[in-house]
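Data block below; observations after.
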C-alpha cells in the first residue's frame, strides 16, 4: 500500500533522512522506531507532503505521491496525527472533528454559521468511536492531555482515511492512558479496515501492537522486519536498543 525507496532529505548540510526504505502492506500495523534525531518525524512529514524529498520515491497504492501538497495526499486517503498537538484549542470537540468531515466532503467554504447543522451524524459517529461523544460540547483546550491526543486521532478519522499515520500517539500520557489509547487504536484499525503506520518510544507498546517494525538510525533504515526479527537483530541491539536485555 505504501512504498518508500531510498528517501533522502537534507536541511543544509544535515541529512535528516538518508536512505530510508519502508514497505507497508494493506491492513498492516507497522511501527517506526529509533532514537531521538533518527529522522522518524521527518519521514512522516515527507510521506504526508509537509516536506519534499531531495531524492527517492514514495508511492501510495502504486501511485507516486512525493512532491504533492499535503491536502492532495490527504484526499488520496492518508491522514495523520502530529507529535505536537495540532487541534483548535478554542473550538469545541465537535467542531474540531466537524471541520475535518466538512473538508473531506468539500464543504469547508463558509464554514462556521452555514456549516453548523451539516454532517452532524457523521461527526457524532466518529466521536462515539473514539469515546468522546459525551464531551462533544466541551472546549478542546479544556480537555486532559490524553483526551486531546484522542481528539487528534478523531480529527484524522474525519478525513476518512485508508492509511493512518500516528506520530507518538501516546506522548505525555500516563501508563494507564497509554494502554487504553493503543487498545483504542488497534480496535479502530480493525473495525474500520485501516492500515496503520505509527512511531512510538515505548518499546513494550511497539512490540505488542506492531505486525512489523522499521528501525531508523541517523536517517537510515537499518532493519525492517517482524518484531521477533527486530528483537533478535544484533545491529538493532547495539545501535539503538543498547543490549538484548532491553528487548526482553
Quick check on my filter: what residues within the stretch 24-43 are closer than 20 Å to residue 56 by Cβ, assigned to a strand (DSSP E or B) and touching a helix residue (DSSP H, G or I) at 6+ places or on another chain (Cβ under 8 Å)?
32
Those residues of the stretch 70-91 which are more than 21 Å from residue 195 (Cα to Cα) and surrounded by fewer than 18 Cβ atoms within 10 Å (Cβ to Cβ) amount to 84, 85, 86, 88, 89, 90, 91
Residues of the stretch 67-92 satisfying the condition of being touching a strand residue (DSSP E or B) at 6+ places or on another chain (Cβ under 8 Å) and in contact (Cβ under 8 Å) with a residue 40 or more places away in the chain
77, 78, 79, 80, 81, 82, 83, 89, 90, 91, 92
Residue list for the stretch 2-57, restricted to those being on the phi > 0 side of the Ramachandran plot and within 17 Å of the chain's Cα centre (by Cα)
27, 34, 39, 49
So for the stretch 2-23 (the condition being part of a loop (DSSP other than H, G, I, E, B) and touching a strand residue (DSSP E or B) at 6+ places or on another chain (Cβ under 7 Å)), does at least one residue qualify?
no
Test residue 33 against the stated conditions and say whether it is touching a strand residue (DSSP E or B) at 6+ places or on another chain (Cβ under 8 Å), within 24 Å of residue 168 (Cα to Cα) and at pLDDT 95 or above.
no
Which of the residues spanning the stretch 50-69 are buried (at least 21 other Cβ atoms within 10 Å of the Cβ) and assigned to a loop (DSSP other than H, G, I, E, B)?
53
If we scan the stretch 155-172, do we find a residue that is in a helix (DSSP H, G or I), closer than 25 Å to residue 36 by Cα, modelled with pLDDT of 90 or more and assigned by TED's automatic domain parsing to the domain that holds residue 127?
yes
Could you tell me which numbered condition residue 102 fails, if it satisfies all but one of (1) modelled with pLDDT under 95; (2) at negative phi; (3) touching a strand residue (DSSP E or B) at 6+ places or on another chain (Cβ under 9 Å)?
(3)
Test residue 184 against the criterion of being closer than 17 Å to residue 47 by Cα and in the same structural domain as residue 22 (by TED's automatic domain parsing), and give yes or no.
no
Could we say that residue 205 is buried (at least 18 other Cβ atoms within 10 Å of the Cβ), closer than 20 Å to residue 29 by Cβ, in contact (Cβ under 8 Å) with a residue 24 or more places away in the chain and outside the structural domain of residue 43 (by TED's automatic domain parsing) here?
no
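The values are calculated or read from the model by the stated rules, or taken from the named source; none is laboratory data. All of these numbers come straight from a predicted model, not from anything done at the bench. Counting neighbours? That spans all protein chains shown, and the Cβs are built from the backbone with ideal geometry, glycine included.
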